[in-house]
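Following: one structure in structure tokens, then a few remarks.
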Amino acid sequence: MSPVVSSLSPSASAHMELPRLPPFDAEEQGEKVTAHLRMHQHQQPTPPISPPECDDTPKSPPHTPHTPQLLPKSKPHHDWTEDLPQTDHVHFFRQVDWASSELGPLEHWDDTLRVFIRFLFADSRAACIWWGPSLVAIYNESYRPLSANAHPQLMGSAFIDGYPDLWDGIKPFFDTARTSGVGVEYSPDSPLIVERHGYREETYFSGNFIPIGNGPTNQPQGFYNVSFEVTAPRLSDRRTTMLNRLASVPHTGISSACDRILETLKTNGEDIPLAILYEADESSGSTVLRLKGHIGLPKGHSLLVDNQKISSEEGLIPECRRAGLDTVIIDFDDRFGSVSWAGWGSPSKKIAISTIASGTRVLGYLVVGTNPCRPYDDPCKQFIKDMGRIVASIFSNAVGTREIAIRQEQLENDLALSDMKLRHLIEHASVGMCHLSLDGYVVWANDHYYTLSGVSAESHQTPFAFFDAYVEEDRKKVIDQWNSLLAGTNHISVELRLQRRYTTPVGDSEHAELQVLAFPYRENGEVKSIMACTTDISKLKFFGTFQARLAAEAREAKRQQEAFIDVVSHEMRNPLSAIVHCADGIAIAVEECRSQLSSIPQPCLDAINDNLASARIIMQCANHQKRIIDDVLTLSKLDSMLLSITPTVVRPTRLVNSILSIFEPELKANKIRYRVDPTESLENLGVDFVHLDPSRVTQIFINLITNAIKFVKTSADPSISVRFGACTKNPRSFFPAGTFWAAKNKELEDVTTNPEWGNGESIYLTFEVKDSGIGLQEREIHKIFERFRQANMKTHVKYGGSGLGLFISKELTERQGGEIGVSSIPGRGSTFGFYVKARRVIAKSPQMLSELCDKSAGMEETPKQLQVLLVEDNIINQQVLGRQLKKTGCNIDVANHGLEALEMLEKKIFDVVLMDLEMPVLNGLAAMQEIRKRELEGEGLLGQAMRDRSRGTKRLPVIAVTANVRQEQIHTAIAAGADRVMQKPFKATELVCLMKDLVPNVAMPGVNERMEALSLT
């Protein structure tokens, strides 16, 4: 390789090949240089370089061997080369046999040459000194790679010996520098083909020749030559220029674009000596490669494959198929024989096959040969990649242009067809359509428009004749809407009555009505005409009014139904409350009598026992009647979608025990064995307090246990067992394998996701009631959960019941995220099971009556007596409830209505008020509102008690005692000022527990632990 650039063409430079050398060895190469230089037998001093003779024929510089002139020595000689940088290259320089060269031994070199030698070895650039008339080479280590195969023989050799093929091209640079006395620059206008890596390589160099010496500038002793390789930027410029031309190919059809692509590739034969361009045609359903052009393939060549499927094995199609969406590089092989390679005329070592794609859609393939005189390195890879990307963009635009043209033609055809269909649709549409000019003329209208309007087309010939179709009362509305459209309103929708009459389904005659949708037609933002659609809504309006009447009637019927249920519930619960209180009082009195009298005559004892049994029967009947009332009320809520699930904090074990305590007297009276078995799952899962609706679970349990008691009475060995547990998933596994599960009516929302259920873990509570009763037939099981259905017709006659209990239980379990089911064996009993969804409690607070009683049991040891105001209009309830409360140690005052209660509250301070809601003169809701108002405003004795806190609480506790138990009625009572709501009928002990929770530090005896688990509102 040469550090200078000749003016040789690529074809001429192709012959400049030098033999490849083995790895460099300093001593061995020094001996070779010495032998090479010994050809010069005579040494002579280095005279200044003379200017060339004016001869037309270029002459070689004189380089006849001569003996250099030796300088006299006056003192011991110092080896000046020891002052040079001690590198391997300098060591090599010192080992050269310079005595056999034209320059002579190193110690005889003059000071000028020595100075430039120092500068040469200190220069970090690739530099060479051409010294003396023969231009003897001395170069630094950076220059060695540029000299390639000329090294190491070049060191100490004349230029013509080191680069004989370059002398004719380089001599003019030396002559110009010698004549002018200034440096001469040379630039890489032409490539230089060298062999430095084992193959012929295209390279570019730039540099200069600077005349040096200690004499006149036009008589230099030598030249300082600095060279730079600029191959990379020159190749980049050439490739970039071609890519820019390629990118400027205009967006035309696919054939024209392919021609322009190949024309552009031909401009850079050095980098693209071979090219084949395919289009991937998918119009036939399969991909067919169509040859769009090529560079370098002679006619009839085996690689000229056209109109072949992508699955073909001919030519380079297998490689195209293997490329997928990327670029595949293959080596030169026999298939590329006889190719007319462009550029250097040499075959490419690497062939690139690039997929032309748009996204995942393959549009074609581009096959190109790479530069045979350059390595397939990263710049070449990037060049291939950029070229493929640009060609893909051209293809994509060309294919897009072609598809747009096809699409445009298709759209024009579709538009014509659509226009025909639209006209057909307009003529046969079920709505009226019309187009109106701004001066009121009908431009066009379909037949249905005239039919709906009730007028003929002939009557619409005059301006604004369409106004006449509407009744006089709506004419102003029509004109206002028309003016609104002219003013620029985007669209209007209006209902208008016509002169045309309409006969309703019930035979009445009234004006027909149209729904008119109109909008302005604009051009360049200016309203040009009006378009409208009309629809006959006469029947719709009639039925809308009809449905409104039906809805009003349904609401009124629902209101009357609720009022009826409220009245029935109130009138039934009030006497039930008295019955419960009396029966409870009798039972307590009998128990006290038995406990206080040590010896009772047998006849009297029998009478007492009979009275006690009668009292218990009365309690059972009252409880049964209460359950019937609760079932009717629950059913009405289910039908009206008004039933709500209200969670409170509950302990499952206590809940089950409290429910069983309700039935304990009845179970003992009928000699029915019973047991309660909590499973280990409760302890394993650590279930203690949970969020659920205890009133709904209690209602389900009461239905199941009531049924169990009813059907085991006739059994030889009557027994009932209750088993309950918990799980986090698959709750059905808790029950027998053959359990029949009631079908769900619909999917209900998971209520446990509501905020009032807390953030605890979701769990399933499972309950099972097993009896030893008569059992069920398989055909009977499938209908027992239906409304008003029992196992068979004889069930009601023999055992009673309404057929609502299990249906209501099914609905309640589903609303709590659970199911209910049954397994039964005829003659051996039945097992009813259900499960509900609940959530663990993070922070527990007592919510059940029994818990409230337990909580209040440990209060202050010396409390005061409780002052109670009972507001009740029913004389019986006054007497019975008052007597019961007095037995618990309460001091009772009675008011007959709300107004009387307000008067008494201004005379005495009470601890708690028991307020009935349905009363004459002033009802309970109004009375509670007035109480809270006086407390808030600080009026009278109520306001004074609030300020003094004389009762120990912030405000006067009020418990609403009522038979109105619908949820909305309870909410209304709370909103009016009630602190708690006690539903009739109830036991006195339950009421006492509520009062103890509201008013601490009061004197009351112990209360009965057996009570219903009722949720506080």
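Restricted to region 662-777, the set of strands (runs of 3 or more DSSP E) holding at least 2 residues that are under 50 Å from the mean Cα position of the chain (by Cα) and farther than 28 Å from Val981 by Cα comprises 673-678, 719-727, 762-771. Of the strands (runs of 3 or more DSSP E) that lie entirely inside region 151-251, those containing 3 or more residues that are modelled with pLDDT under 90 span 192-195, 200-203, 205-212, 222-229.
Restricting region 300-324 to residues that are out of contact with any Ser or Thr (no Cβ under 7 Å at 6 or more places or on another chain) and aliphatic (A, V, I, L, M), which is surrounded by the most Cβ atoms within 10 Å (Cβ to Cβ)? The selected residue is Leu316. Of all residues assigned to region 170-185, none qualifies as being farther than 20 Å from Gly213 by Cα and surrounded by fewer than 22 Cβ atoms within 10 Å (Cβ to Cβ).
Which one is surrounded by the most Cβ atoms within 10 Å (Cβ to Cβ) among residues in region 252-287 that are of a type in the set (Val, Ile, Thr) and touching a Ser or Thr at 6+ places or on another chain (Cβ under 9 Å)? It would help to see each step written out before you state the result.
Applying the first criterion (of a type in the set (Val, Ile, Thr)) to region 252-287 yields 252, 254, 261, 264, 267, 272, 276, 287.
Cutting the leftovers down to touching a Ser or Thr at 6+ places or on another chain (Cβ under 9 Å) gives us 252, 254, 264, 267, 272, 287.
Working: Thr252: 16, Ile254: 20, Thr264: 22, Thr267: 13, Ile272: 27, Thr287: 15.
Ranking the qualifying residues of region 252-287, first place goes to Ile272.
Figure legend. Inter-residue proximity from region 508-523: first residues among the charged types (D, E, K, R), second residues outside any strand (DSSP E or B), beta-carbon distance below 6 Å, spacing 6+ or different chains. Indicated pairs: Glu513/Ile537; Glu513/Ser538; Glu513/Lys541. When Asp259 is tested against (1) under 30 Å from Val184 (Cβ atoms); (2) out of contact with any strand residue (DSSP E or B) (no Cβ under 6 Å at 6 or more places or on another chain), just one condition goes unmet, and that condition is (1).
Only one entry in Thr462, Thr360 is loosely packed, with under 14 Cβ neighbours inside 10 Å, outside the structural domain of Ser256 (by TED's automatic domain parsing), over 26 Å from Arg238 (Cβ atoms) and among the β-branched types (Val, Ile, Thr), namely Thr462. Of the residues making up region 508-538, those that are within 21 Å of Val471 (Cα to Cα), not polar (S, T, N, Q) and not in a strand (DSSP E or B) are Asp508, Ile537.
Just name the residue that is surrounded by the most Cβ atoms within 10 Å (Cβ to Cβ) out of those in region 904-943 that are among the acidic types (Asp, Glu) and without any contact (Cβ under 8 Å) to a residue 24 or more places away in the chain. Walk me through how you get there before you give the answer.
So in region 904-943, the residues among the acidic types (Asp, Glu) come out as 906, 911, 916, 918, 930, 935, 937, 939.
Then keep just the ones that are without any contact (Cβ under 8 Å) to a residue 24 or more places away in the chain; that gives 935, 937, 939.
Numbers: Glu935: 19, Glu937: 11, Glu939: 14.
Among residues in region 904-943 that are among the acidic types (Asp, Glu) and without any contact (Cβ under 8 Å) to a residue 24 or more places away in the chain, the one surrounded by the most Cβ atoms within 10 Å (Cβ to Cβ) is Glu935.
Applying a threshold of 7 Å to beta carbon distances and a minimum spacing of six or more residues, or different chains, the list of pairs starting in region 375-387 at a residue that is in contact (Cβ under 8 Å) with a residue 40 or more places away in the chain and ending at one that is loosely packed, with under 15 Cβ neighbours inside 10 Å and of a type outside the set (S, T, N, Q) reads Pro379/Ala232.
Which of the residues belonging to region 992-1010 are over 17 Å from Gly882 (Cβ atoms), touching a Ser or Thr at 6+ places or on another chain (Cβ under 6 Å) and modelled with pLDDT under 50? Correct list: Val1007, Asn1008, Arg1010.
In a residue-by-residue description of region 414-429, the property of being free of Cβ contacts under 8 Å to residues at least 12 places away in the same chain, under 30 Å from Ser255 (Cα atoms) and either assigned to a helix (DSSP H, G or I) or not assigned by TED's automatic domain parsing to the domain that holds Glu202 (or both) applies to at least one position.
Of the candidates Thr989, Thr962, the single residue that is of a type in the set (S, T, N, Q) and either touching a Lys or Arg at 6+ places or on another chain (Cβ under 6 Å) or at pLDDT 75 or above (or both) is Thr962.
Quick test for you: out of Glu495, Glu553, Glu526, pick the one residue that is over 46 Å from the mean Cα position of the chain (by Cα) and among the acidic types (Asp, Glu). Show your work before the answer.
Working: Glu495 fails: over 46 Å from the mean Cα position of the chain (by Cα); Glu526 fails: over 46 Å from the mean Cα position of the chain (by Cα).
Unique residue meeting the criteria: Glu553.
Taking region 715-738 as the range and being closer than 17 Å to Phe767 by Cβ and buried (at least 19 other Cβ atoms within 10 Å of the Cβ) as the test, the residues that pass are Ile720, Val722, Arg723, Phe724, Gly725, Ala726, Cys727, Pro731, Phe734, Phe735. Looking across region 338-352, the residues that are buried (at least 22 other Cβ atoms within 10 Å of the Cβ) and part of a strand (DSSP E or B) come down to Ile351, Ala352.
Within region 132-150, is there a residue that is over 60 Å from the mean Cα position of the chain (by Cα), surrounded by fewer than 16 Cβ atoms within 10 Å (Cβ to Cβ), more than 13 Å from Gly222 (Cα to Cα) and not polar (S, T, N, Q)? Yes, region 132-150 contains a residue that is over 60 Å from the mean Cα position of the chain (by Cα), surrounded by fewer than 16 Cβ atoms within 10 Å (Cβ to Cβ), more than 13 Å from Gly222 (Cα to Cα) and not polar (S, T, N, Q). Got a number for residues in region 872-919 being modelled with pLDDT under 85 and part of a strand (DSSP E or B)? So the count comes out to 0.
Taking Ile276, is it in contact (Cβ under 8 Å) with a residue 60 or more places away in the chain, of a type outside the set (D, E, K, R), under 30 Å from Arg200 (Cβ atoms) and in a loop (DSSP other than H, G, I, E, B)? Full working, then the answer.
On the way: in contact (Cβ under 8 Å) with a residue 60 or more places away in the chain: yes; of a type outside the set (D, E, K, R): yes; under 30 Å from Arg200 (Cβ atoms): yes; in a loop (DSSP other than H, G, I, E, B): no.
Criteria not met by Ile276.
Here region 528-553 is the region considered, the condition is being of a type in the set (Gly, Ala, Ser) and touching a residue at least 12 places away in the same chain (Cβ under 8 Å), and the residue that is surrounded by the fewest Cβ atoms within 10 Å (Cβ to Cβ) is Ser529.
Being in contact with a Ser or Thr (Cβ under 8 Å, 6 or more places away or on another chain) and either outside the structural domain of Phe807 (by TED's automatic domain parsing) or closer than 28 Å to Ser772 by Cβ (or both) is a description that applies to Leu682.
The values are calculated or read from the model by the stated rules, or taken from the named source; none is laboratory data. As the structure is a computational prediction, the values presented were derived from the model and not from experiment. Note that we place each Cβ from the backbone using ideal geometry, even for glycine, and neighbour counts take in every protein chain shown.
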